[in-house]
Every structure is written in C-alpha cells, then in structure tokens.
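Colleague: Quick one: the structure is below, and I'll ask about it shortly.
The values are calculated or read from the model by the stated rules, or taken from the named source; none is laboratory data. Keep in mind the model is a prediction, meaning the values are calculated, not measured. Backbone-built Cβ (ideal geometry, glycine too); neighbour counts: all protein chains shown. Protein only, heavy atoms only, side chains kept; ligands, DNA and RNA dropped before computing areas. Shrake-Rupley method; radii C 1.70, N 1.55, O 1.52, S 1.80 Å.
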Amino acid sequence: MNNTKAYSAAGATSPLASTKINRRDPTEHDVQIEILFCGVCHSDVHQVRNEWSSVMPTVYPIVPGHEIVGRVTRIGRAVAKYKPGDLAAVGCMVDSDGNCPHCQSGLEQFCPNMILTFNSPDKHLGGVTYGGYSETIVVDERFVLRVPPNLNLAGAAPLLCAGITTFSPMRRWGVTKGRKVGVVGLGGLGHMAVKFAHAFGAHVVVFTTSPGKKADALRLGADEVVVSRDANEMQKHTGSFDFILDAVSAHHDINAYINLVRPDGTITIVGAPEKPLAVSAFSLLMGRRNLSGSLIGGIAETQEVLDFCGQHNITADVEVIPIQKVNEAYERLLKADVKYRFSIDMASLKSE
Ligand SMILES: NC(=O)c1ccc[n+]([C@@H]2O[C@H](COP(=O)([O-])OP(=O)(O)OC[C@H]3O[C@@H](n4cnc5c(N)ncnc54)[C@H](OP(=O)(O)O)[C@@H]3O)[C@@H](O)[C@H]2O)c1
Ligand SMILES: [Zn+2]
Ligand SMILES: [Zn+2]
C-alpha cells in the first residue's frame, strides 16, 4: 500500500522520476513530518549513481534526501518533545541502537546499528529506508531536531548535512579566533564551512577551481581566495595552515593541500570521491602533519548547529528548485555549478 508521493531512481543510470512509496503509521515514539524543503547533497548524487558501491552499495529504487525540514503532522502516543504544527528537521540518520559506547557519547554516526535516512535497512517495513525527496517522513523522535523559528526554512534544510558535517570537525580541531583555516571546494559543504569558520573568528582562505566564485567566497566570509590551479598562489601558503577542511566531491591531488598545513596542523577530509586519493607519505612526514576524516555529526551536535545558526542567523545560500528540476540540479553539481545548495520546495511534488 503506497501512500506517499516521492522521487526515486530505478538504477545507477536512470534519472529520478515521480513514484509512490509507503510510509509507516507513527508508532509510539514516532513523529510524522510533512516535508517542506529538502536540500540536495552531493552524497545524493554519489549514491543514486552507485559511486560508493565498495562501501555502501545502492539498493534500487532509491529515494535520496537527508536535509529535511518540515512540519509535524502526527505523533505517537509516547512522544513528548513534539506536537502537531511544530517545525521539525531530520538529517542523515533516523535510528541507532542507543546503547553502544558511541550512542552513549553522542556519536550515533559511528553506532554499528545506525540507520541512515535512505538506503539503510528499514526495520519497520522491510527493504530500505527512503529519504526526503518525498511528501512525508516518519522518524523516531530521538532523531528529530528542532528548527529555530527565525531561520528561512529553505536555507535551514542544508544545515542538517552540509552544516553539521563542516561544523563538527572545525569544533573538534579547535577552529577559533586567530587560527588560519583553509576550505577546499566552494560547494554546499564548503560554503557552510566558510560561514562557520568566519563566525568562529578564524582567518579563512578558500581554495577553488572556479575563478568565478572569488567574489562570492569573500562575501560568504573568506579573507582570501586562492584559485587552486595557480601553483604560485598555492606555494605562498606552504606550511602555514592550522587546519584545512577538504570538501571536494571529485578526484583531486590532496598532497597539494597537505603541504600547506603547518607542523602538527591538521587536514580533515569530508569530501567522499568515488575513487581513493593517493597520499604522499612525505607530505605527512614533513611537519608531522595530521590527516583525518569526519562523518556528519551526532544528534546532540546537530541540534547545537541548528541553535548556533538560529543565534547567528546563519543559513545556507540556496537556489530553491521544484522537484521536477532535480535531474538538472544533479548535472549542475557535477559541473561545480551551484550557488551554493539546491533546496527542493516540496510543494512542487503535489502536482505529480
Ligand atoms: N563526510 C561527510 O559526512 C559528508 C557529508 C556530506 C557530504 N559529503 C561529501 O562531501 C563532498 C562535497 O559535497 P557537497 O554536497 O558540498 O558537493 P558540491 O556542492 O557538489 O561541492 C563540491 C565542490 O568541490 C569542488 N570540485 C568539484 N569537482 C572538483 C574537481 N574535479 N577538482 C577539484 N575540486 C572540485 C567544487 O568547488 P570549486 O568550484 O570551489 O572548486 C565543487 O563545488 C561530496 O563528496 C559528498 O558526498 C561528506
Ligand atoms: Zn549530505
Ligand atoms: Zn549505538
């Protein structure tokens, strides 16, 4: 019994198209949400096209979307935190076991039984979970987040992935006032990283392959912009960064950025390109540099991001699109042509 309109892809080379999926009735602890906006993350593209097949093969049909903002329509009888009419948000995860050491320390993203918002086993209905490119979603209240009422909803949706994914490693690695911070790749994640690093008081340098994004980078909060194809410009920053965040979605030479990190400084990868990156041992040895990774963030920290953004009035710069333009948006993401996040107005699904 399929009761909800959605957009899905039938295979790795199929476009997304209108469909119907089934959502469960809210159980005791569930919150049913009418989805108003859903951001388009490059991870949606990677997974629709099965580019992460070696780590998490895509199960078709896939309904992507994990930057969800909407309004509560129904609640289970044990739900205390939300009531119908409340604004609510859902990010990359919808469940975890709640009792492993990772869950206990607020790092649900590392729980061995964590369930992603899409393409994870669905313990309620069988098959896999379906994401936010749909009219509604039903989620355990532990994984539902509060949206500060002052935020623009289309621009708030990307905070649920692009926001937490960039905020979390910068907090972990001590991005504060006076630190020199690099952001590689000015896309959805990168532009949020610039906003946060600027808000934390850091000196922010953006590395971009797109000379046309220079003025935007400065407007978003960068202090300097380097077009990364210019070897001379890159050279000037050798060994000088406290922290660099690499948010590039495609294959690139990461050593060019490792070399810019100061001794004992850190470069963190959040971008997840399809193929492995080659790391030069010497780039790391010279200067005892740290190379690390980061995966989204826990639920408590995701709420912290939303609250921080509410206080500082930070949202993503979005291009709002109807769901019917989502395939075009994917093509533009592949050309690094996004300013700086697509946010789907889910009202457009009603006409399907
Ligand atoms: N770790 C996590 O938890 C997590 C969470 C969400 C997303 N991700 C991953 O993070 C990556 C970025 O996601 P996103 O949504 O921000 O993507 P996006 O909006 O498409 O931005 C990616 C940016 O990377 C740069 N880029 C693209 N192709 C490049 C190339 N060939 N060489 C160098 N730079 C290139 C471009 O910036 P310029 O034009 O400035 O060069 C582009 O705008 C994706 O791989 C995504 O799957 C990871
Ligand atoms: Zn994402
Ligand atoms: Zn757990």
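Colleague: Of K180/K213; K177/K275; K20/K81; K123/K350; K180/K275; K20/K214, which sit over 32 Å apart, Cα to Cα?
Modeller: Beyond 32 Å: K177/K275; K20/K214.
Colleague: From the P(r) of the chain, could you give the percentage of C-alpha pairs in the tail past 37 Å?
Modeller: Counting pairs separated by more than 37 Å, the tail of P(r) holds 16 percent.
Colleague: Assuming a ≥ b ≥ c are the square roots of the Cα gyration tensor eigenvalues, decide whether region 1-89 counts as rounded (a/c under 1.5), prolate (otherwise, with a/b larger than b/c) or oblate.
Modeller: prolate
Colleague: Let me check something: with ligands and nucleic acids excluded, how do H124, H251 order by accessible area (1.4 Å probe), largest to smallest?
Modeller: My answer, sorted largest first, is H251, H124.
Colleague: Taking Cα pairs under 8 Å and at least six residues apart, what relative contact order does the chain come out at, in percent?
Modeller: Over the chain, the number comes to 18 percent.
Colleague: Considering every Cα-Cα pair within region 214-256, what fraction, in whole percent, is farther apart than 11 Å?
Modeller: The answer is 75 percent, as a whole percent.
Colleague: Not counting ligands, DNA or RNA, and with a 1.4 Å probe, what is S14's accessible surface area in Å² rounded to the nearest 10?
Modeller: 40 Å²
Colleague: I need the calculated FRET efficiency for the pair F282 and D223, taking r as the beta carbon distance and R₀ as 30 Å, to the nearest 0.05.
Modeller: Efficiency, from the Cβ-Cβ distance: 0.55.
Colleague: Give me the distance between the Cα centres of region 1-25 and region 43-118, rounded to whole Å.
Modeller: Cα centroid to Cα centroid, the span is 17 Å.
Colleague: Per residue, how much accessible area does region 128-273 show when a 1.4 Å probe rolls over the protein heavy atoms, in square angstrom?
Modeller: So region 128-273 comes to 34 Å² accessible per residue, rounded to a whole number.
Colleague: May I pose another question? How far apart, in nm, are the 7 Å Cα→Cβ label points at R262 and A78?
Modeller: Placing both labels 7 Å beyond Cα along the Cβ direction yields 5.1 nm.
Colleague: On a 1.4 Å probe surface of the protein chains, which of M114, M56 comes out largest in accessible area, and what is the full order?
Modeller: M56, M114
Colleague: Under 1.5 on a/c is rounded, so check that first for region 250-352, then, if it is not, pick prolate when a/b is larger than b/c and oblate when it is not; a ≥ b ≥ c are the square roots of the alpha carbon gyration tensor eigenvalues.
Modeller: oblate
Colleague: Which order do you get for H42, H29 if you rank them by accessible area with a 1.4 Å probe, largest at the top?
Modeller: Largest accessible area first, the list is H29, H42.
Colleague: So, one more: Once Rh for region 154-280 is found with the Kirkwood sum over Cα pairs, what is the Stokes-Einstein diffusion coefficient at 4 °C and 1.567 mPa s, in µm²/s?
Modeller: 90 µm²/s
Colleague: Whole Å is fine, so just give me how far the alpha carbon centre of region 227-242 lies from that of region 278-352.
Modeller: 24 Å
Colleague: Ok, one more. Indicate, rounded to the nearest 5 percent, the antiparallel portion of the DSSP beta bridges found entirely in the chain.
Modeller: 55 percent
Colleague: Enumerate by residue number the trypsin sites (Lys or Arg not before Pro) in region 133-206 meeting two conditions: DSSP loop (anything except H, G, I, E, B), and at most 12 other Cβ atoms within 10 Å of the site's Cβ.
Modeller: K177
Colleague: Rounded if a/c is under 1.5, else prolate if a/b is larger than b/c, else oblate: which is region 1-160, with a ≥ b ≥ c the root eigenvalues of its Cα gyration tensor?
Modeller: Since a/c stays below 1.5, the shape of region 1-160 is classed as rounded.
Colleague: Let me spell out the model: positive unit charges on the Cβ of Lys and Arg, negative unit charges on the Cβ of Asp and Glu, origin at the Cα centre of the chain. What dipole size does that give, in debye rounded to 20?
Modeller: The calculated dipole for the chain is roughly 400 debye.
Colleague: Continuing with the same structure: Can you work out the accessible area per residue across region 35-75, with the rest of the protein chains kept in place, probe 1.4 Å, in square angstrom?
Modeller: Per-residue accessible area for region 35-75 comes out at 33 Å².
Colleague: State the three equivalent ellipsoid semi-axes of region 229-297, derived from the C-alpha gyration tensor as the square roots of 5 times its eigenvalues, in descending order and whole Å.
Modeller: Working through the eigenvalues yields semi-axes of 19, 15, 11 Å.
Colleague: In region 10-40, which residues have a backbone nitrogen under 16 Å from the label point lying 7 Å from Q324's Cα in the Cα-to-Cβ direction?
Modeller: Residues 16-19 qualify, since their backbone N sits under 16 Å from the label point.
Colleague: Check each of the trypsin sites (Lys or Arg not before Pro) in region 275-352 and keep only those in coil by DSSP with at most 16 other C-beta atoms within 10 angstrom; list them in order.
Modeller: Of the trypsin sites (Lys or Arg not before Pro), the ones in loops of region 275-352 whose Cβ has at most 16 other Cβ atoms within 10 Å are R288, K335, K339.
Colleague: Here's something else I'd like to know. Can you compute the charge dipole magnitude of region 147-278 about its Cα centre, using +1 on each Lys and Arg Cβ and -1 on each Asp and Glu Cβ, nothing else charged? Give it in debye, rounded to the nearest 20.
Modeller: For region 147-278, the charge dipole is close to 280 debye.
Colleague: Just to be sure I understand the model, the point goes 7 Å from the Cα along the line to the Cβ. What's the resulting H124 to L334 distance in nm?
Modeller: The two pseudo-label positions are separated by 3.4 nm.
Colleague: Moving on. Around K123, under 12 Å between beta carbons, what's the net of Lys plus Arg minus Asp minus Glu among the other residues?
Modeller: Taking every other residue near K123 into account, the sum is -3.
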